[in-house]
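Remarks on the structure that follows.
Only the coordinates and a few stated rules stand behind these numbers; no lab work does. Because the structure is predicted, anything quoted here is derived from the model rather than measured. Positions of Cβ are generated from backbone atoms using ideal geometry, with glycine treated the same way; all protein chains shown enter the neighbour counts.
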Amino acid sequence: MTRWMRRPKSPGPLERSLLGALTVALAATVVLRPRRVVVVGMSMEPTLLAGDRLLVVHSGTARAGDVIALRDPHNPRRVIVKRVTAVRRGEVIVRGDNPGASIDSRSFGPVPNRAVLGNVVRRYAPASRAGPVR
């Protein structure tokens with residue numbers, strides 16, 4: 001057997017773990033289809049600040065206490081971030097953490113579930129504030 005016909009060496013533990021991590025990351029990206037959202041305004045202070053960059057994942061359910069991204073009922077081209085305060089059948093009621101600076105369900109009423117883009121799971125920028133969003 002010539003040199004170019006030799007069987008490749010089997011991957012070691014490091015290569016297997018890297019391959020596994022890449023496979024999981026790719027599967028999560030394809031299945032979960034994360035969306036990136038930038039916070040505009042002060043309605044979610046102190047939890048979220050203007051300019052925070054968020055990772056949003058569609059989970060299918062929004063429960064009271066979850067921070068979600070949704071289409072603005074007044075302008076469906078715009079995405080807003082709010083906290084779910086109550087969930088009814090087929091709709092959610094949302095509020096900003098900063099009620100004095102927030103336009104939310106108090107002004108536009110319940111939001112249909114189809115307007116919810118997903119749950120905010122992580123702040124990825126700025127780096128000094130990166131981490132899970134609670």
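Where a ≥ b ≥ c are the square roots of the eigenvalues of the C-alpha gyration tensor, would you call segment 35-132 rounded, which needs a/c under 1.5, or, failing that, prolate if a/b is larger than b/c, or oblate? The shape class here is prolate.
The modelled label-to-label distance between Ala125 and Thr85, using points 7 Å beyond Cα along the C-beta direction, is 3.2 nm. Let me check I've understood the local charge: for Pro126, count other residues with C-beta under 9 angstrom from its C-beta, Lys and Arg +1, Asp and Glu -1. What total comes out? The answer is +2. Give the long-range amide H neighbours of Thr85: residues separated by 5 or more places, or on another chain, with amide H under 5 Å away, using H modelled in the peptide plane at 1.01 Å from N. Counting only residues 5 or more places away or on other chains, the set is Gly65, Ile93, Val94, Arg95.
With a cut-off of 15 Å between beta carbons, the residues surrounding Gly90 carry a summed charge of +3, where Lys and Arg count +1 and Asp and Glu -1. Computed 3J(HN,Hα) for segment 117-125, one whole-Hz value per residue from the Karplus formula 6.51 cos²θ - 1.76 cosθ + 1.60 where θ = phi - 60°, is 7, x, 8, 6, 10, 7, 9, 9, 7, glycine and proline marked x.
Hey, how many Å between the Cα centroid of segment 84-132 and the Cα centroid of segment 38-69? So the two Cα centres are separated by 6 Å.
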